[in-house]
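One structure below.
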Amino acid sequence: MSELNREEAKTAVRTLLEWIERSEEESGSREGLVDTPERVVSMFDEIFSGYTTSASEILSSTFNGEGYDGIVLLKDIEFHSTCEHHLQPFSGRAHVAYIPVDRIVGISKLARLTDLHAKRLQNQERITKGIADDLEEHIQPLGSAVIIEARHGCMRCRGVLKQNAVMTTSAMRGVFFDRSEARSELLQLIQSNSKDL
């Protein structure tokens, strides 16, 4: 982001602060708010960092799978995102799986790929589909699967005010879509308790 754009962003935050505190005579000038525009823009740099990288960068390095042809699953990947409809946070966990043909990726790549999609203005369905599509495009597995469970701020603190509602989305590709046995095995692995590790 250029400095000019950064200054424009800070001005926009100041405008929002003035609008939020429209009944206050000293709107935006309190000690606690003076540096808020800079803090908000810096926070945006961090929580929207998914725009600064690509799936091809993350998944460019692969390894010989040495004949492994079972499910590779990284489960309970915590993530935080921002809903594009109300700019409310939503967070939860993702389960990302694939069955390699001959190449595997480092496990951190699956978490980084999840963050790539989550750290953008989003909806949960797009994150789910995007992760699965990227796995298909870049490592050409026999199948890929993504299941995401999340709680949404726009449901919890406004509107219907449902505190415990959890939204679940899934994307199944290849053998996970075509074969019920592969889906069943995946779901059993996700549900298995690994807390004793």
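Grab the helices (runs of 4 or more DSSP H) fully contained in the range 66-161, keeping just those with 2 or more residues being basic (Lys, Arg) and at pLDDT 95 or above. Let's see the steps before the verdict.
Working: elements: 107-118, 124-139, 153-156.
The qualifying helices (runs of 4 or more DSSP H) are 107-118, 124-139.
Residues in the range 134-146: is at least one under 16 Å from residue 78 (Cα atoms) and touching a residue at least 40 places away in the same chain (Cβ under 8 Å)? Before the answer, list the steps.
Pass one, the range 134-146, residues under 16 Å from residue 78 (Cα atoms): 146.
Now narrow it down to the ones that are touching a residue at least 40 places away in the same chain (Cβ under 8 Å): 146.
Scanning the range 134-146, I find at least one residue that is under 16 Å from residue 78 (Cα atoms) and touching a residue at least 40 places away in the same chain (Cβ under 8 Å), so the answer is yes.
Using the structure shown, decide if residue 41 is part of a helix (DSSP H, G or I), closer than 27 Å to residue 112 by Cα, without any contact (Cβ under 8 Å) to a residue 40 or more places away in the chain and not assigned by TED's automatic domain parsing to the domain that holds residue 130. Even if it seems obvious, please write down each step before you answer.
Details: part of a helix (DSSP H, G or I): yes; closer than 27 Å to residue 112 by Cα: yes; without any contact (Cβ under 8 Å) to a residue 40 or more places away in the chain: yes; not assigned by TED's automatic domain parsing to the domain that holds residue 130: yes.
So residue 41 passes the test.
Yes/no matrix, rows are residues, columns are (1) out of contact with any helix residue (DSSP H, G or I) (no Cβ under 6 Å at 6 or more places or on another chain); (2) surrounded by 14 or more Cβ atoms within 10 Å (Cβ to Cβ); (3) farther than 30 Å from residue 151 by Cα; (4) free of Cβ contacts under 8 Å to residues at least 12 places away in the same chain:
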residue: 20; (1), (2), (3), (4): yes, no, no, yes
residue: 36; (1), (2), (3), (4): yes, yes, no, no
residue: 48; (1), (2), (3), (4): yes, yes, no, no
residue: 57; (1), (2), (3), (4): yes, no, no, yes
residue: 64; (1), (2), (3), (4): yes, no, yes, no
residue: 68; (1), (2), (3), (4): yes, no, yes, no
residue: 74; (1), (2), (3), (4): no, yes, no, no
residue: 94; (1), (2), (3), (4): no, yes, no, no
residue: 97; (1), (2), (3), (4): no, yes, no, no
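Identify the single condition in (1) in a loop (DSSP other than H, G, I, E, B); (2) in contact with a strand residue (DSSP E or B) (Cβ under 7 Å, 6 or more places away or on another chain) that residue 61 does not satisfy, given that it satisfies every other one.
Here residue 61 clears every test but (2).
The values are calculated or read from the model by the stated rules, or taken from the named source; none is laboratory data. Here the structure is a predicted model, which is why all the values come from computation and not from measurement. Glycine also receives a Cβ, built like all others from the backbone with ideal geometry; neighbour counts cover every protein chain displayed.
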